[in-house]
Structure formats: C-alpha cells, structure tokens
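The values are calculated or read from the model by the stated rules, or taken from the named source; none is laboratory data. Quick caveat: nothing in here was measured; it's all calculated off a predicted structure. For accessibility, only protein heavy atoms count, side chains too; no ligands or nucleic acids. Shrake-Rupley method; radii C 1.70, N 1.55, O 1.52, S 1.80 Å.
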Amino acid sequence: MPMYQMQTKLDVNGGGGQVLDLETAVKDGVLGGECDVGGLVCNGVSEKLDLKKMIEELETMEVPYVFICPISLDPMQEPVTLCTGQTYERSNILKWFSLGHFTCPTTMQELWDDSITPNKTLEQLIYSWFSHKYVAMKKKSEDVHGRALDILETLKKVKGQARVQALKELRQLVTTAHSTAKKAVVGNNGVGLISSLLGPFTTHAVGSEAIGILVNLDLDLESKRNLLQPSKISLMVDMINEGTIETKVNCTRLIEKLMNANDFGSENVSSLSLLVGLLRLLKDKRHQNCVLVGLCLLKTICSHESVRKSLVSIRAVPQLVELLPILSNECLELALYVLEVLSAVPEGRLALKDCPHTIRNVVKLLMRVSESCTQFALSILWAVCKLAPDECASLAVDAGLAAKLLLVIQSGCSPVLKQQSAELLKLCSLNYSVTTFISKCKLTRTIQ
C-alpha cells in the first residue's frame, strides 16, 4: 500500500517522513498563504485556471520541494506514487519504465508492484498553491499597471517638488515591478511625456529621476531621436559632471543607448565637457560600476575618429595607463581597446610613448587575462616601440617583454598573434648581439 494517503494526508518526504494534512500545509505556509484547496476557487476567482500555464508564468518563483519531480526537477502536474512511496510526474516515470527500468529512480529499490497510483491530494495541493500565487501575481500586475497610468496623468498637471515625487514613484515602479510598469509607460506615451520634461531649464532633481526611468525602458527609434536634441544631451552631460554617482551612471548608460540611433552624429559626443565628465567618472575607484559604464561609453565613442584627438588632448592616455593595474578583467579589456584605438592616431602614439608607465603596465598584461587583451596589448606595444625603437625597445626588454613574447609564440594563440609577437621580438633585438639580448631577457635555460 502506498505511503501517501490520498484523502487527507501528505507524506512530505515520500518515505516515512513528516506527514501533513492540507489544513496544516496551509497554516504552516507550504501554500504561501490562505487559499481554497479545492482548486476551483482561489481568493474569489471562480474560473478554472490552467496549471501548465501557471507553472510557465511563475517559473522564476521558488517552488516547495514537495512539488518537484525527482526525475525532471520540474513542478509536477500529474503526480503518481509508486509502491515505494515515492512520487513522480506521470510522464517521467512512464518514460523511465519504457527504458527498461523496473526500479524506483530515487531509492533504486526493485519494484514489487509495477502499478502507479494517482496522488490526488498532492495534485490538489500543487494546483491550489500555484492558483494562489498566480492570482496574487495578476492582482499585483493590475495594481502596478493602474498606478503607473495614474502617475503619468499626474505628471501632466504637477510642477516643482510634486513632479519630482511623482517621478520618484514611477522610477521605483519601473525598477522594481519590471515588465508590467515598463509596458504601461511605453504603451501609453510615457516615454514622450517624460522626455518632454528634459530641457535647458530642467532642474537636476527632475532630470535625475526622469533619466533614471528612461534608461530602464526599451526606446524605439523615434524616442531616441527625440532624446538626441542638443538641449537634452547638454543636460545629460551637465549631470555626468555634477550629479550624484547614480545619476552619472544613468546618464552615461542612456547616452550609450542613444548612440545606436541612426541619426547619432559625432557632434553629439565630441563635446569636451562630456569627455572630461567620463574621465572623472573613471577616477571614482570606490564604485567599480562607474568605471565599467564609463569605459563602455568611451569604447563606443572611439568609433568616431573626430573624438580620438580630443581624448588625447585631455590626457585620457596617461589616466587609462595608470588605471590598468587595478582594473577588473572586464574593464581591462575595454581600457586596452580604447588605448589601442588611440594608438592609431599620431598624437595617441606619442602620448603612449611619453607616459612613463605604458610599457611596464602593458607588458604585464600579455598572456594574463584573455587572448583579446593580449592582442590589444601587442598592438599598443608595437605602436610605441616602432615609434621610438632605440628608446622604447630597451625599456620593453627590461620589463620582461621578450619572455612574454616567447610564451605567446609557444602558446595556442592565433597565428596572427604569434606573427605579431615574432615581429615585435625581432624589433626589440635589433640593437643587441644574440648573447647580450639573451642575457638581458633573463630567460630560463629551457626558454633559451
């Protein structure tokens, strides 16, 4: 006889463990709150809800372990119990039997009875729990949607501090309620309304909240074009320079988002004020997120050739070089990419050569983070050493470049990288005899 009692009891462990009745399960929170366990009525909702649909829509929610099939690790919809007292989803256990197994998958006991018994009590409990959660989720979504629409109406009428408070509440909804609030704002011209609040006379309090909302929304091309108006971009640049850390990050992320618009021109990012603001953002070592978003935008900005000379002129090169030893791997790749792009212009190469720590900091990154980082580092070193071989090649050799290049050549890196390494090694050895070069490289006997 199965250990599950179909009418009133639920064996939680399936093997002689704790036994719960439905009333106790509800009281103890297995269901997560009050709910009619009949399965047809849940918090006043009388229609029959589809269990499969509910499971799909609540897939991110943590489900009580007693509802999970041990085979698939998914919630059960049609639980059946074996003679061992273990419960499985019907389709999963039948598939197990079809593969020639006549054991219990959990205990590996041989089955003395191959019949399966529908576990109606557990099925009812599963249905009731999901019904309760589903109805609560739907109600919350409706509440959030309605509140978002109310706030949009309020924003059309209020000014001053009342406008700031309304934006704060809407921002809270957008960042915590996720898709429901976002759909409500986007689907009811909320993007246009919020964008209209940004302009030359917008206070930073209003601008900060408005941008905090916009950066979390999916913007269509028309919305991006609207936000690309010079007065709106100018406000974002001002806040990158003078706002709070959170505001700076949001403005930076939004500008990067806007750069995907077809109408985005280099004049939008060539402002020295924007570039200076981004470099200031990179200096805030207390917040790693600031450095990451700042480098992401710098990488995108560098695609505009007209910006590269401006970046060099405000001393972006030495600042990035000094940051290299303390950056995370993700940030390192971005920083090296920007430095490589800047090394393509004469002013950038000269700035890299004149920075006293370029060679030492870049050599250390060869074969350390990723193949991409190694590629960027090689390009930077090649640009600098070729510009002034007599001066830079000896510095590179003293920094241990030769040993690193030999590692690249012997590694599984791409043939292009190996060829670059060989050429750079040859360039560094031109001013030395073989014996002197080997002694200066401080190579192990094996590498020699």
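For segment 178-222, report the accessible area per residue in Å² (1.4 Å probe, heavy atoms, rounded to an integer). Intermediate results must be reported in sequence, preceding the final value.
Details: 1960 Å² over 45 residues.
On a per-residue basis, segment 178-222 sits at 44 Å².
With θ set to phi - 60°, apply the Karplus curve 6.51 cos²θ - 1.76 cosθ + 1.60 along segment 347-354 and write out the HN-Hα couplings as whole Hz, x wherever there is a Gly or Pro.
Coupling constants for segment 347-354: 4, x, 4, 5, 5, 5, 5, 6 Hz.
Sorted by accessible area (1.4 Å probe), largest first, how do E59, E209, E347 line up? Walk me through the numbers before you get to the answer.
Numbers: E59 145, E209 20, E347 80 Å².
Per-residue accessible area, sorted high to low, gives E59, E347, E209.
Which shape class, rounded, prolate or oblate, goes with segment 307-436 when its Cα gyration tensor gives a ≥ b ≥ c as root eigenvalues, a/c under 1.5 marks rounded, and past that a/b bigger than b/c marks prolate? Please report the intermediate quantities before stating the final value.
Details: a/c = 1.84, a/b = 1.29, b/c = 1.42.
In terms of gyration-tensor shape, oblate.
Between T244 and S303, what length comes free when the chain is fully extended (0.36 nm per residue of separation minus the Cα-Cα distance, one decimal in nm)?
Working: separation 59, 0.36 × 59 = 21.24 nm, distance 2.78 nm.
Working it through step by step, the gained length comes to 18.5 nm.
So between D150 and S370, what do we pick up on full extension, going 0.36 nm a residue minus the alpha carbon distance?
74.2 nm
Considering only protein heavy atoms and a probe of 1.4 Å, how much of the accessible area of segment 246-368 is carbon and sulfur, as a whole percent? Before the final figure, lay out the partial values.
On the way: 2470 of 5240 Å².
Of all accessible area on segment 246-368, carbon and sulfur atoms account for 47 percent.
For segment 55-176, give the percent of accessible area contributed by carbon and sulfur heavy atoms, probe 1.4 Å, rounded to a whole number.
Numbers: 3450 of 6650 Å².
Ligands and nucleic acids excluded, carbon and sulfur reach 52 percent.
Is the C-alpha gyration tensor of segment 113-240 telling us rounded, prolate or oblate? Criteria: a/c under 1.5 is rounded; beyond that, a/b larger than b/c is prolate, otherwise oblate.
On the way: a/c = 3.84, a/b = 2.80, b/c = 1.37.
Prolate, because a/c is 1.5 or more and a/b exceeds b/c.
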